[in-house]
Every structure is written in structure tokens, then in C-alpha cells.
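K.L.:
One structure is given below, represented as C-alpha cells, and several questions about it will come after.
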Amino acid sequence: MSPIVKRKGERFTLPSKWLLFILTIVCTALMIFTFATDVFDKPFRSIVGYAVVPFEKGIGSVGKWFSGRKDELAQIRSLIKENTELKEQVARLTEENTLLQQDKYELNKLRQLFELDEQYEEYHKVGARIISRDSGNWYSAFVIDKGEKDGLKVDMNVIAGGGLVGRISAVGPNWARVTAIISDNANVSGMTLATEDHLIVSGSLKGMDEGVIYFSKLLDSKGAVNAGDKIVTSDVSDKFLPGILIGYIYTIADDNNNLTKSGTLIPAVDFEHLSEVLVITDQKQTIEE
Amino acid sequence: MLGFFLNALVLFFSFLLQTAIFPAVLPIHVYPNLLIIFTAALGFMKGENVGMVVGFFCGLLYDAFFGGVIGFHALLFLYVGFLNGKFYRVFYPEDLKLPLALITVSDLTYSLTCYVFLFLIWGKFDFPYYFLHVILPEMLVTLIATIIFYPLFLKMNEWLLHGKRKREH
């Protein structure tokens, strides 16, 4: 019997085994293709982007409006109380501010003397809104509403609220996927700000449930690193720009090998309530092969 | 033809619901896997071929945005659709137990495969943790979502069949 069964008055029906076989081959080919080259990646991601992203943007803005109204109602009472407290605070802070201004002038002068770049402030940034989250429950990734057309590229760093959020891991013409540093497949090379000791910050599902990120391989021979120390991205990271705040050390302990230390740190970014992020459009300088 | 467009529309809407709407409105961290529900449901309602094609496109859509390698989820969903299609012959619209069981098992299998290929091979051996914190919750919310969404899929399918019969007469 021929493998293609044709019944009277019916259209061609392909036996399901054949269809399964063909589609399996297609999938495998796609996997090999995207693994080896990005010839297919780009057009595919851009087509899908044009189809889906406009809707997601719309939903995002509607959802934002609703949650905004809800928050407004809930917050009015607490706002009144907060207002009086804040007024007192303003008075106190104004005084403090004048003092700090003086310090800043001094700092600026000193910086000029040392010809230091004000690195963090001089990065070029683009604001973007989060429009969708990873629908699987394994990784912490999300999609933002800016893409290639806004000058975004893969591996650009993403920050929010002064702390490191992650990096762009895929990009379409009008969207980009950001893999967060808390994601299970993310590792960041970091260092302690005070002592410049290097360490590896590894995201994990488990840690995020406890509100922390794990770090390891901290070589701290002098024992100068303590809980509460700032962790920033290191100079030697090949994907992340140096000096971006990752978080603060929460716990620290010696490893079994007595050479390195590991522990947990509290991220500077509130990953639970993230809606807008900044993408740094400067990229780490890489050595072309 | 109408059925094809309607299914494409439902697939699209399910994806939006799962990735954009649920995270915005639901105060939980684990979201139901609507794409699995849709793929499995069409599999046992319409047979292997439809299940496979739907699964393939579901997976492809997921891969485009969140998959590391394009084709991995497409392959997984493809087999979910195919295996559920095997139950086409024993499926009756009146029976809710079989669909619930099939979708739950599908989701469990999907999650386990994801764990093996995305976590276990990277040396993350803490299976009990991942099982209790990801796989099990996802299975439960998917079960709840099935109770809500499956009757809708069923109604749509019946309506389509009804319309088809009408046109043929």
C-alpha cells in the first residue's frame, strides 16, 4: 500500500508517523542550525517579533493602568501620613544636601586631578519597558519593548535602580530578551568594591526563593571581606562593564578547600517588582580574533 | 479553514495570556502552562496530526522568545501533541477525567524533560528541590487552568464540528 492514503472524496492525509518523522527532522535541523549559525535566528525572531510584540505592548499598558488605579486607592491614606513625615525629612535633607554639595565640589576637583573617568555616569543608557516574562517557570528572563532598531545588541548590560539586572541574550527588531543575573543559567564575574577581590556570582532558582544570590570562588587571603560589603561587576568580565553594583554580601563562609570563600549576597535590584529598566548601549571592549 | 484560523488565534491568545497577562494580574510566581493544555487538548480531540502541528507551532513561538536554541521546545511540544493524539480513539467529550489526567501527565513529562536537558546536564542535581518548587506547583496550577480553559477549547471544537456538518448537509 502506498504510504499516502487517499480516500474517496477526501483530501490527502499524511500518516502521522511520517508527519512525526518529518517534523522531528525539522526540529533537529533547526536546533543544529541555531546552534551553529545565526542565519536563521534573525529573520525568524524578527517575524515573530512583529506579530506578537505590539499586542504585548498594549496589554502591558492596560495592565499598568489598572494596577496604577488600584495602587492609588490603596495608597491615599498612607500618603497623607507619609507626607508629614517627608516634610520633616526634606528639611533635614536640605541641610545635609548643602554639606554634601560642598563635598562634591571637592570630590570633582580631586577627580580632575586624578583624571578619573566618572565611569558609571558616562555610560549611554536607553530606557525600556518590560512587556512579557518567560512563560516557563525555569528561568528568569523577560522581554523588553526596545530592540535592534533602538540600537540594542546582544550582550548589552541592563540595569535598574542603580543595580545590575542582567544582559540581553536575544534581540529582534523591536524587542529584546534580557536574561536576569538571578536566572539559573547566568554567571557574572564580580569583585568586592573595597578590596577588589574577584568572585563568581551565580544565579539560581533556589537562592531567589530566599531572596539572595549565591557567590563562590572568592579568594580573600587577608580575610578582609565582611558581610555588608559591596559587590560590583569586575574588570575582567567579558560581558559586563566594570563597576556596576550587583549587591551586598549577606553571608560568607570558608569553602572546604580553605582557599576560597563562598556565600550569599542580597541583590541591589528588586527583581520582584521590575517594570522599567535601563539598557547600557556601551559594550565591553572585546578583543577581535 | 475557519478551524485553522480559529486555532491559530487561540494559540496566539494563549501565549499572550501566559507571558503577558498572567504575570501582570496573578499574584503568584508559578504560571500555568496554557500551551501544553492547548497542544494536548487538540491532540486527543482531533488526533495525532493536528496535535503535532499545533504542538510544533506552540513550541516554535515559545522558542522565538524564550528558548535558548530554536527547535528544542518545538520538538518537546511536537511529541506532547503526538502522544496525546494516541488517545483520540478513547476520547469522549462528556468525560472530563481523561483530559485532566492526560494534560497533567503531559505537563509533568514536559517539566521533567526540561529539568533533565536544561538543568541536570549542567550539574544541578538537587532534583527534590526543583520538583517541589517548580514542577509540582506548575502541575497544580496547570490542573486548575485546565478545569477553567479546557471546557472552552472543547466548546470551540464542538462548535466547529457542528458548523462543518451543517455546511456539508
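K.L.:
Counting Lys and Arg as +1 and Asp and Glu as -1, each charge on the Cβ, what is the dipole of segment B:31-164 about the Cα centre in debye, to the nearest 20?
P.N.:
The calculation lands at about 240 debye.
K.L.:
Also: Tell me the relative contact order for chain B as a rounded percent, counting alpha carbon contacts under 8 Å between residues six or more apart.
P.N.:
24 percent
K.L.:
For segment B:17-169, just run the numbers: alpha carbon Rg, then divide by 2.2 N^0.38 Å, N being how many residues it has.
P.N.:
For segment B:17-169, the normalised Cα radius of gyration is 1.09.
K.L.:
Where the only charges are on Cβ atoms (+1 Lys, Arg; -1 Asp, Glu), what is the dipole of the protein assembly as shown about its Cα centre, to the nearest 20 debye?
P.N.:
2820 debye
K.L.:
Further, regarding this structure: Could you work out how far helix A:41-114 tilts from the main Cα principal axis of chain A, as a 0 to 90 degree angle to the nearest 10?
P.N.:
In chain A, helix A:41-114 runs at an angle near 0 degrees to the longest axis.
K.L.:
Choose one of A:243, A:262, A:161: the residue whose Cα lies farthest towards the positive end of the charge dipole of chain A (beta-carbon charges +1 Lys, Arg; -1 Asp, Glu; about the Cα centre).
P.N.:
A:161
K.L.:
Looking at A:143, A:252, A:102, which one has the Cα that reaches farthest to the positive end of the dipole of the protein assembly as shown (charges on Cβ: Lys, Arg +1; Asp, Glu -1)?
P.N.:
Result: A:143, furthest along the dipole toward the positive end.
K.L.:
In debye to the nearest 20, how big a dipole does segment A:170-289 give about its Cα centre with +1 on each Lys and Arg Cβ and -1 on each Asp and Glu Cβ?
P.N.:
60 debye
K.L.:
Another one. For chain B, list the DSSP H helices whose alpha carbon atoms reach 27 Å or more along the long axis and whose average Kyte-Doolittle value is 1.0 or above?
P.N.:
Helices passing the filter in chain B: B:97-118.
K.L.:
Two decimals is fine: what is log10 I(q)/I(0) at q = 0.09, 0.13, 0.14 Å⁻¹ for segment A:122-283, from a Debye sum with one equal scatterer on every Cα and no solvent?
P.N.:
With one equal scatterer per Cα and no solvent, log10 I(q)/I(0) is -0.28, -0.57, -0.66.
K.L.:
Sticking with this one: Go through A:57/A:125; B:97/B:166; B:97/B:155 and tell me which ones have a Cα-Cα distance over 25 Å in this structure.
P.N.:
Too far apart for the 25 Å limit: B:97/B:166.
K.L.:
Within 10 Å of each Cβ in A:16-24, how many Cβ atoms from other chains are there, averaged over the peptide?
P.N.:
Across the residues of A:16-24, the mean count of other-chain Cβ atoms within 10 Å is 5.
K.L.:
Something else: Quick one: which of B:67-79, A:78-90 comes out on top by average Cβ neighbours within 10 Å, and what's the full order, highest first?
P.N.:
Peptide ranking by packing, descending: B:67-79, A:78-90.
K.L.:
Within a 10 angstrom radius of the beta carbon, how do B:57, A:33, A:21 rank from fewest other beta carbons to most?
P.N.:
Listing B:57, A:33, A:21 from fewest to most nearby Cβ atoms yields A:21, A:33, B:57.
K.L.:
Taking the alpha-carbon centroid of each part, what is the distance from segment A:222-265 to segment A:137-180 in angstrom?
P.N.:
Going from one Cα centre to the other spans 24 Å.
K.L.:
Using the number of other C-beta atoms within 10 angstrom as an exposure proxy, rank B:114, B:58 with the fewest first.
P.N.:
B:114, B:58
K.L.:
Along the principal axes of its C-alpha atoms, what lengths does chain A span, in descending order and rounded to whole Å?
P.N.:
91, 55, 37
K.L.:
Contour minus end-to-end for residue A:82 and residue A:238, with contour as 0.36 nm per residue of separation and end-to-end as the Cα-Cα distance?
P.N.:
Gain in length upon complete extension: 51.7 nm.
K.L.:
Dipole of segment B:31-164 (Lys/Arg Cβ +1, Asp/Glu Cβ -1, origin at the Cα centre): which of B:83, B:57, B:163 lies farthest to the positive side?
P.N.:
Of B:83, B:57, B:163, it is B:163.
K.L.:
To continue, here is another question. Taking the beta-carbon count within 10 Å as an exposure proxy, list A:37, B:39, A:281 from fewest neighbours to most.
P.N.:
A:37, A:281, B:39
K.L.:
What's the angle, to the nearest 10 degrees (0 to 90), between helix A:16-36's Cα axis and the longest principal axis of chain A?
P.N.:
Helix A:16-36 and the main axis of chain A meet at about 40 degrees.
K.L.:
Under a GNM of chain A (C-alpha, springs under 10 Å), which listed residue has the highest mean-square fluctuation: A:50, A:105, A:248?
P.N.:
Residue with maximal mean-square fluctuation among A:50, A:105, A:248: A:105.
K.L.:
Springs between alpha-carbon atoms under 10 Å, Gaussian network over chain B: tell me which of B:27, B:99, B:137 tops the mean-square fluctuations.
P.N.:
Its mean-square fluctuation being the largest, the pick is B:27.
K.L.:
Residue by residue through B:115-126, how many Cβ atoms from other chains fall within 10 Å of the Cβ on average?
P.N.:
2
Values in this text are rule-based calculations from the coordinates and carry no lab data. If you're wondering where the values come from, they're calculated on a predicted model, not measured in any experiment. Note that we place each Cβ from the backbone using ideal geometry, even for glycine, and neighbour counts take in every protein chain shown.
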